[in-house]
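Only one structure is covered here, and it is reproduced in the block below.
Only the coordinates and a few stated rules stand behind these numbers; no lab work does. Bear in mind that the values here come from a model prediction, so they are computed numbers and not experimental data. Quick reminder, even Gly has a Cβ in these numbers, built from the backbone with ideal geometry, and neighbours come from all protein chains shown.
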Amino acid sequence: MLLQEGTNTCFSYLNPGDTIEKAVSIFLDLKIAIIPVLDQEGRLLSIFSRSSLYRAVLAGARSKDRIDPYLITDVVSIANDIPDEQLANFVKMSPVGSVPVLNKEGKVIGLLCKAKMVTTLFRHSEQDLTDLEHTAKELETVKALNETFDTVLNIIRDGIVVVDEKGKITLVNQAMADFLTLPPEEMIGKPIAEIMSSNQLHHVACTGLSETSEVLTIRGKPLIVSNSPIIKGGKVVGAVGKAVFPHLAEAQELAEKVRCLEHKVTFFQEELQKNRTAQDIMKDMVAESPQMKKLKDEISIVATSTSTVLITGESGTGKEGVAHAIHLGSDRGKGPFIKVNCASIPESLMESEMFGYVGGAFTGAAKNGKPGRIERADGGTLFLDEIGEMPLALQAKLLRVLQDREIERLGSTETIKVNIRILAATNKKLSNAIAKGEFRQDLYYRLNVINLHLPPLRERLEDIEPLTHFFISKFNDILKANVSGITPNAMATLLQYSWPGNIRELENVVERAVNYTRSGLIELIHLPHQIISGNTALGQVMNKKTIRHQDRLGQIERDMIAAALEKAGGNKTKAAKLLNLSRSRLYDKLNKYDLNT
């Protein structure tokens, strides 16, 4: 409310019988124009103003005289809940400079200063004008964008139709209108089923699942249709359909080619999955560091178990690869490996995706229902990636699956037994999520039977060089390149970087470098700017020194530790901080490289 901005709540008051001396003191201290005079219960009786003081002086009153003869009893006051519009009119019309503000009990809670209120009103009116100007400009921009959008929509040759979540048409372009021989305005607001015999677009709006390259015949005419959901704020709010209008022969030929390619891709994916073994994945898992060697041993042991595993580690450390290795190394390796990314599926679709549904479970549901991902993992492994993002409501249902190994599809009371092993992964600290009430503690205990932690790349420096050469070889094959290696300076720079994106970031950096390299060796100039100039802890230690490349990575690490000790003046605590290591870890390395002397 505007009244609050123009009200002075820091004020003093007088009682009947107080002296002129006290009134003068208040005027001098608070620089106010009026002083309210209150009864014993704090209600307003009258006011003593500066004009009251002037009258007292002219009448020859002394400082110890009482204020009573000079009080103004005909007082203008204002309620504290006055609407802004009435307040503005009051300020414009009232000749009074200051006014007591009363609450519902008639008690004074402040003094309204007219000058201050005028400033407030002016500022707000100025802001209102500015807001109106901005709104007008935004409306002009939106109008221009709409005109551009309409033009683009109506010049493309493909037919476009949009429906809301209820299946009612909200937009249709001219190409689709011409195909259907109906004016666009006649179709807007009508159910799509009234215009087209196919109800697939409404089905997509209900399920959130895309459909691509379907050949349909509508009103006796062939067309190829692709339907996609419209998702806003994690919820499906409608769907958009695109129709291509070829001749029937062309449509059938194209659709047949698409189906053939889809079958081939599916076949080859399944064959690759069957032929890829745990040993293949473990071979790709570079492990020169003690942590990774230990992890590989743990994976081999855990794979033979049936217990639930929680894989933890920062983004980009390779958690999905570990899950795949566990699956392929188990007696379930020939069964399905079903992945669920809990962060990528909208919350409104998560339950139907996980548990499936029966026919008629909801509007637009497939006639024969659909199995969920848990059911599809029967006989194999269910991998729940980013488990920390799973909605709380679904966590309770997952807990039952873990306990009983059974599910119920949406819309059904029939219990389905599932034979699955569950692996989960997260880059979150689930203990923090539990403390915030975002993750169930009982589910955490069920998932965390076995914990495998993947260390970040910055804590396994020994693996950076072999990983780099592994990725060089990989991208030589993919990009048909002929990069033979990396220069010592470039390698040293990679070792100095902190790798917040871990292995995934290193892989991207090497791919970029292989694309740019023409000399056969990756050099400093082929590395991204943020890695060369990155102000990391190790980069500060090495400063601008040139490090001679050694065959053994241990020599490079020894040089970095020595440089850190020198920079820290021999202080091991400071050196550990520069190297981003714990003190105990630094002492281990000092003993390892005989640097304690």
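Structural remarks
- Ranking of 170, 317 by neighbouring Cβ atoms within 10 Å, starting from the fewest: 170, 317.
- Residues 212, 381, 151, sorted so that the one with the fewest Cβ neighbours within 10 Å comes first: 151, 212, 381
- Working note: Karplus 6.51/-1.76/1.60 with θ = phi - 60° gives region 556-561 the couplings 5, 5, 4, 4, 5, 5 Hz, where Gly and Pro are set to x.
- Near the amide H of residue 485, within less than 5 Å, lie the amide hydrogens of 522, all on another chain or at least 5 residues away, with H placed in the peptide plane.
- Surrounding net charge for residue 234, when Lys and Arg each add one and Asp and Glu each subtract one, Cβ distance under 14 Å: -3
- Phi angles of region 176-184 translate, via the Karplus equation with coefficients 6.51, -1.76, 1.60 and θ = phi - 60°, into HN-Hα couplings of 5, 4, 5, 4, 8, 6, 9, x, x Hz per residue; Gly and Pro are given as x.
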